[in-house]
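The values are calculated or read from the model by the stated rules, or taken from the named source; none is laboratory data. Remember, predicted model here, so these are calculated numbers, not experimental data. We place every Cβ from the backbone using ideal geometry, glycine too, and count neighbours over all the protein chains shown.
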Amino acid sequence: MWKLAGIFLLFFPVFAQAGAQKMEGAVCDGVFIADVPYKPVTRQKFVSAFASEKKAMAWLVTMSKRLEKRIPHPKDRDDFLMTVYYVAIRRALDPQLILGIIQVESDFNKYAVSTAGARGYMQVMPFWTKLCGDPDHNLFHLRRNLRYGCNILRGYLKMEKGDYFRALGRYNGSLGQATYPNLVLRAWRGSWAYPS
């Protein structure tokens with residue numbers, strides 16, 4: 001049954017129903033999005049997040065192969081993956097978890113918009129720009145979207161004392177329901193699993 005659900009998701013991605021999210025100022029922890037450089041994460045910055053260049057390149061090659069069908073251009077794919085890794089690690093999050101969220105939220109569509117108005121890869125609701133950043137922030141911008149999404153998730157994990165299931169429920173606006181957290185956890189530990 002779960003394999004059938006996985007096949008269904010490949011052809012009909014689930015988009016966030018973020019309309020039930022609440023504006024929770026506690027999520028804005030003082031290190032939010034003052035400014036995000038438009039320059040891509042450099043290979044040097046990406047490699048510095050690993051113990052060695054060999055480990056960094058092994059991760060990049062593995063994840064790049066998995067993402068090839070969704071982001072076909074190698075340069076775009078590398079930029080995307082290095083940014084996900086760099087931003088996630090800076091917020092003490094597992095980059096593979098972020099890939100799982102992106103798969104479920106937008107199916108790697110940079111310009112995805114949910115019926116509730118959530119935007120971009122991580123389906124960030126526009127009210128977050130007013131609450132925690134700058135109302136003029138473009139949520140379709142790769143680095144900005146990932147920074148907002150990772151900061152929001154980190155805030156929810158803190159609020160939920162490290163409980164991923166509950167934090168993911170808050171992220172999606174479906175706290176107390178199992179569907180969304182289970183989809184993300186399955187993608188994280190399945191499609192995007194990587195040995196530590």
inquiry  = Need the failing condition index for residue 136 against (1) surrounded by fewer than 22 Cβ atoms within 10 Å (Cβ to Cβ); (2) of a type in the set (Asp, Glu); (3) touching a residue at least 60 places away in the same chain (Cβ under 8 Å), just the number.
reply    = (3)
task = Test residue 126 against the stated conditions and say whether it is surrounded by fewer than 22 Cβ atoms within 10 Å (Cβ to Cβ) and under 22 Å from residue 154 (Cβ atoms).
result = yes
message = Quick test of your reading of the structure: residue 162 fulfils all but one of (1) touching a His at 6+ places or on another chain (Cβ under 9 Å); (2) surrounded by fewer than 21 Cβ atoms within 10 Å (Cβ to Cβ). Name the failing condition by number.
response = (1)
remark   = Scanning region 37-77 residue by residue, those within 24 Å of residue 104 (Cα to Cα), of a type in the set (D, E, K, R), free of Cβ contacts under 8 Å to residues at least 40 places away in the same chain and surrounded by fewer than 19 Cβ atoms within 10 Å (Cβ to Cβ) turn out to be 65, 68, 69, 70, 75, 76
ask   = Give me the pairs: first residue in region 178-196 and closer than 13 Å to residue 102 by Cα and of a type outside the set (Gly, Ala, Ser), second residue crowded, with 17+ Cβ neighbours inside 10 Å and modelled with pLDDT under 95, beta-carbon distance under 7 Å, and six or more apart or on different chains, which are they?
value = 180/172; 180/174; 183/14
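Looking at 46, 8, which is the one that is assigned to a helix (DSSP H, G or I), among the aromatic types (Phe, Trp, Tyr) and modelled with pLDDT of 90 or more? Before you say what the answer is, go through the steps one by one.
Values: 8 fails: modelled with pLDDT of 90 or more.
Sole residue among the options that is assigned to a helix (DSSP H, G or I), among the aromatic types (Phe, Trp, Tyr) and modelled with pLDDT of 90 or more: 46.
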request  = Tell me which of these residue 63 doesn't satisfy, since it passes every other one: (1) in contact with a Leu (Cβ under 9 Å, 6 or more places away or on another chain); (2) part of a loop (DSSP other than H, G, I, E, B).
outcome  = (2)
remark   = Selection from region 121-175 of residues closer than 27 Å to residue 67 by Cα and among the aliphatic types (A, V, I, L, M) yields 122, 124, 125, 139, 142, 146, 152, 153, 157, 167, 168
inquiry  = Among the residues of region 140-149, are any within 11 Å of the chain's Cα centre (by Cα), free of Cβ contacts under 8 Å to residues at least 60 places away in the same chain and surrounded by 15 or more Cβ atoms within 10 Å (Cβ to Cβ)?
reply    = yes
